[in-house]
Amino acid sequence: MKKLAVIGNPISHSLSPSIHSIFAKTLGIDIQYDAVEVETKGFEDRLASLFSEGYSGLNVTLPLKEQAFALAKKHTETCSATQSANTLWKENGVLCADSTDGAGLMEDLIFKGLNIKGSNIVVLGAGGSSKAILPSLLKAEPKEVIILNRTIAKAINLAEIYNNDKVKVSA
């Protein structure tokens, strides 16, 4: 049995354990999937503890994604682009990280028959979720991505991270 968890704070509201358990059962995969509340203070020690308790993989949610990125020694290309991680695992004792939010969004858009290439895309908000999906959206070659945010400075900062002439900002 694989031991997995979603970590964050707060976490008691998470539907991930139910969703992943149903998915695994449907595919005949034997897993234990827990929701574990983890504080930002002492995060590194808590990660070490979880892996020593036998967890083989962790999904990371707020407010730990940027901390997870910083602690990981090996990052996927997308994870490096977003500077945040929502998935952690170990390979040969090395903490590895990925950011799968953008890939998940793209799969959903494709499943729904939506074509991003050459399209105008509007992203509402300039927070962590927007930061996590922008590399995948840009890779799909849209005509333009407009970031709408209440605070124009935050939208400008996000757009500057990607330094791409297709990314525009509006308030």
Problem - Radius 10 Å from Cβ of residue 81, net charge of other residues (Lys, Arg +1; Asp, Glu -1) - result: +1
Practice task
Can you tell me the order of 52-59, 68-75 when each peptide is scored by its average per-residue count of other Cβ atoms within 10 angstrom, highest first?
Solution key: 68-75, 52-59
Exercise for the section: Report, largest value first, the span of the C-alpha coordinates of the range 33-134 along each principal axis, in whole Å. Expected result: 46, 25, 24
Exercise for the section: Calculate, for residue 19 and residue 39, the FRET efficiency according to 1/(1 + (r/R0)^6) with r their C-beta to C-beta distance and R0 25 Å; round to the nearest 0.05. Expected result: 0.55
Practice task
Report, in degrees rounded to the nearest 10, the 0 to 90 angle that the Cα long axis of helix 128-139 makes with the longest principal axis of the chain.
Solution key: 60 degrees
Exercise for the section: Have a look at 138, 72, 12 and report the one farthest towards the positive end of the charge dipole of the chain, computed about the Cα centre with Cβ charges (Lys/Arg +1, Asp/Glu -1). Expected result: 138
Completion exercise
In terms of the charge dipole of the range 51-171, which places +1 on Lys and Arg and -1 on Asp and Glu at the beta carbon, the residue among 155, 127, 83 farthest towards the positive end is 155
Exercise for the section: Could you pull out the pairs from 2/25; 3/90; 143/168; 2/73 whose alpha carbons sit more than 20 Å apart here? Expected result: 2/73
Handout entry: Estimated dipole of the chain in Debye, rounded to 20 [Cβ of Lys and Arg +1, of Asp and Glu -1, Cα centre]
Key = 320 debye
Handout entry: Folded to 0 to 90 degrees: helix 43-52 orientation relative to the chain principal axis, Cα
Key = 50 degrees
Exercise for the section: For the range 79-125, give the magnitude of the charge dipole about the Cα centre (Cβ charges: +1 Lys/Arg, -1 Asp/Glu; no others), in debye to the nearest 20. Expected result: 120 debye
Exercise for the section: Measure nothing but the geometry: give the 0 to 90° angle between the long axis through the Cα atoms of 16-27 and the longest principal axis through the Cα atoms of the chain, rounded to 10°. Expected result: 80 degrees
Fill in the blank from the handout: Karplus-derived 3J(HN,Hα) from phi for the range 154-160 (6.51 cos²θ - 1.76 cosθ + 1.60, θ = phi - 60°), whole Hz, x at Gly and Pro, runs 5, 5, 5, 4, 5, 4, 5
Problem - Approximate spin-label separation residue 157-residue 56, in nm, with each point projected 7 Å along Cα-to-Cβ - result: 3.9 nm
Practice task
Given the peptides 38-46, 132-140, 148-156, 99-107, arrange them by the average over their residues of other C-beta atoms within 10 Å, most packed first.
Solution key: 132-140, 99-107, 148-156, 38-46
Exercise for the section: Could you give the size of the charge dipole of the range 1-88 about its Cα centre, using +1 on the Cβ of each K and R and -1 on the Cβ of each D and E, expressed in debye and rounded to the nearest 20? Expected result: 180 debye
Completion exercise
Percent antiparallel among DSSP beta bridges confined to the range 17-171, rounded to 5, stands at 40 percent
Exercise for the section: Enter the Cα centre distance for the pair the range 22-61 and the range 134-156, rounded to the nearest angstrom. Expected result: 31 Å
Practice task
Please grab the % of Cα pairs in the chain that end up more than 27 Å from each other.
Solution key: 32 percent
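The numbers here are math on the coordinates, done by the rules we state, and not lab data. Since we're looking at a predicted model, the values are computed, not measured. As a convention, Cβ positions derive from the backbone with ideal geometry for all residues, glycine included, and neighbour counts pool all protein chains shown.
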